[in-house]
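First comes the structure, then the notes that go with it.
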Amino acid sequence: MRDLVEIGMGRTARRTYELDDINIVPSRRTRSSKEVSTAWQLDAYRFDIPLLAHPTDALVSPSFAVQLGKAGGLGVINGEGLWGRHADVDAEIERLVGIAESDPDPAAAIAHLQKLHAAPLQPDLLAAAIAQVRDAGVTTAVRVSPQNARALTPHLVKAGLDLLVVHGTIISAEHVAHGASEPLNLKTFISELDVPVVAGGVSDHRTALHLMRTGAAGVVVGYGSTAGATTTSEVLGIGVPMATAIADAAAARRDYLDETGGRYVHVIADGDIETSGDLAKAIACGADAAVLGAPLAVSAEAPGRGWYWPSASAHPSVPRGALLQVAYDERPSLDRVLTGPSDDPFGSLNLVGGLRRAMAKSGYSDLKEFQKVGLTVRA
């Protein structure tokens, strides 16, 4: 039964929970972390670790996507970002970071980022970025917004895309765009594609179930919130705590599994995951994998030079995120961020190792089993 509270006369609200509000309860059997598998599969593509990189230019360049792919994860290139708009993105990011470092007003860097995104998209540049990832032998994934999905997807498919991510701050099964002749019907759109589609974000059972019914292979849950970086709650007043949002989407997955007689749609958590403990809790709540932004942006391979901003920061009229410095003089390698070794006692390094140890201490050998682990809520 849902826990409803009265917030005023005649107005009730549901009590919801953050990842920080819950704890994992170990079972009576433990095992070695070497006996634990973190592998998962999305459609025909298998990954050794349940991590996707947030599709922002601060994090995912073609070379970073290759590095993360070889490490077992998935880097998602922003199809509407700088890699499809400028020939020398590294130089543009260097100038952007210079503004962020020298100007105390955060609006100055955001204004320059908006200017960079005002340049026209060039399909040839996007094709070259996709080719660089494909030629390295790793899975290629590109993010498009619902507004631009129809226009950009044919170019991406022609370039050899493996996975398409239709991703926005909030997404529904039918998007009504200004000036469009008809809404984007995701069910029709997905049925006409030969590549699997991941769609999101969502935060409730009903919308997650609707997206699953479109034929999506995965549903992104959450709005990519990162402390100090995104401002969805501040700008839009929208937000659902991640523990509750993941659990609701996992319930929709079970309902859809029963409804279809066995079609499984992956739930991918995107928001408030900063440490290995947060990652473990997200899986325990029902996620199959997680999208990480700032935790990966500290790595030496990330193009943001120690700075991070979400993809929504560049919105031309309602930016929802500031540039945040996440690393300083010494930046760890991506391998160290993912698999250690770590000298940080707070869980920001060796993210996958921390997840494996949480699973082992709780007595579970794979991700699907770990979704059944017991949970408690802090008083």
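The values are calculated or read from the model by the stated rules, or taken from the named source; none is laboratory data. This structure is a prediction, so every number in the text was calculated from the model and none was measured. Positions of Cβ are backbone-derived with ideal geometry, glycine not excepted, and every protein chain shown enters the neighbour counts. For the accessible areas, the whole protein counts, side chains as well, though only heavy atoms, and no ligand, DNA or RNA atoms are used. Shrake-Rupley method; radii C 1.70, N 1.55, O 1.52, S 1.80 Å.
Less than 13 Å Cβ to Cβ from Arg31, Lys/Arg counted +1 and Asp/Glu -1: what total charge do the surrounding residues give?
+3
How much length is gained if the chain between Asp90 and Ala136 is pulled fully straight, taking 0.36 nm per residue apart and subtracting their Cα-Cα distance, in nm to one decimal?
14.6 nm
Where Lys and Arg each count +1 and Asp and Glu each count -1, what net charge lies around Val133 among other residues with Cβ under 12 Å from its Cβ?
Cβ neighbours under 12 Å give a net charge of 0.
Compute the distribution of all C-alpha to C-alpha distances in the range 304-348, in bins of 5 Å from 0, and list the percent of pairs in each, rounded to whole numbers.
Reading the bins upward from 0: 6, 18, 19, 19, 16, 11, 7, 3, 1.
Please report the spacing between the Cα centers of the range 74-94 and the range 1-56 in Å, no decimals.
31 Å
Nearest 0.05, what FRET efficiency do Asp3 and Lys372 give at R0 = 25 Å with Cβ-Cβ as r?
It comes to 0.70.
Post the alpha-carbon centroid distance, the range 286-351 to the range 182-224, in whole angstrom.
Rounded to whole Å, the Cα centres lie 26 Å apart.
Given Leu52, Pro316, Leu19, which one lies farthest toward the positive end of the charge dipole of the chain, if we put +1 on the Cβ of every Lys and Arg and -1 on the Cβ of every Asp and Glu?
Final value for the positive-end residue is Leu19.
Who wins for biggest fluctuation among Ala300, Ala269, Ala13 in a Gaussian network model of the chain, springs between alpha carbons below 10 Å?
Maximum among the listed residues: Ala13.
Of the listed peptides 310-323, 272-285, what is their order by residue-averaged count of other C-beta atoms within 10 Å, with the highest listed first?
Averaged packing, sorted descending, gives the order 272-285, 310-323.
Can you compute the label reach from Glu101? Point 7 Å from Cα along the Cβ direction, backbone N cut-off under 19 Å, restricted to the range 267-305.
Counting backbone N atoms under 19 Å from the label point, the list is 297-305.
Restricting the calculation to Cα positions, tell me the Rg (one decimal) and the Dmax (whole number) of the range 16-375 in Å.
Cα only, the range 16-375: 19.2, 59 Å (Rg, Dmax).
How much length is gained on full extension from Leu193 to Ala39, taking 0.36 nm per residue of separation minus their Cα-Cα distance?
Gain in length upon complete extension: 52.8 nm.
At 0.36 nm per residue, and after removing the present C-alpha to C-alpha distance, how many nm does the segment from Leu121 to Tyr264 gain when stretched out fully?
The Leu121-Tyr264 span can extend by a further 48.0 nm.
Lys and Arg at +1, Asp and Glu at -1: add these up for the other residues within a Cβ distance under 13 Å of Val202 and post the number.
0
How long is the range 234-363 along each principal axis, judged by its Cα atoms, biggest number first, in Å?
That works out to 52, 46, 21 Å along the principal axes.
For the chain, calculate the relative contact order in percent as a whole number, restricting contacts to Cα pairs under 8 Å that are 6 or more residues apart.
23 percent
With +1 on each Lys and Arg Cβ and -1 on each Asp and Glu Cβ, and nothing else charged, work out how big the dipole of the chain is about its Cα centre, in Debye to the nearest 20.
For the chain, the charge dipole is close to 1120 debye.
For the range 77-147, list log₁₀ I(q)/I(0) at each q in 0.22, 0.23, 0.29 Å⁻¹, using the Debye formula over Cα point scatterers of equal strength and ignoring solvent, two decimals each.
-0.97, -1.01, -1.25
Which value, in Å², gives the accessible area per residue of the range 226-379 when a 1.4 Å probe is used on the protein heavy atoms?
Accessible surface, normalised per residue, equals 40 Å².
Rounded to the nearest 5, what % of the DSSP beta bridges within the chain are antiparallel ones?
Expressed as a percentage, antiparallel bridges in the chain total about 35.
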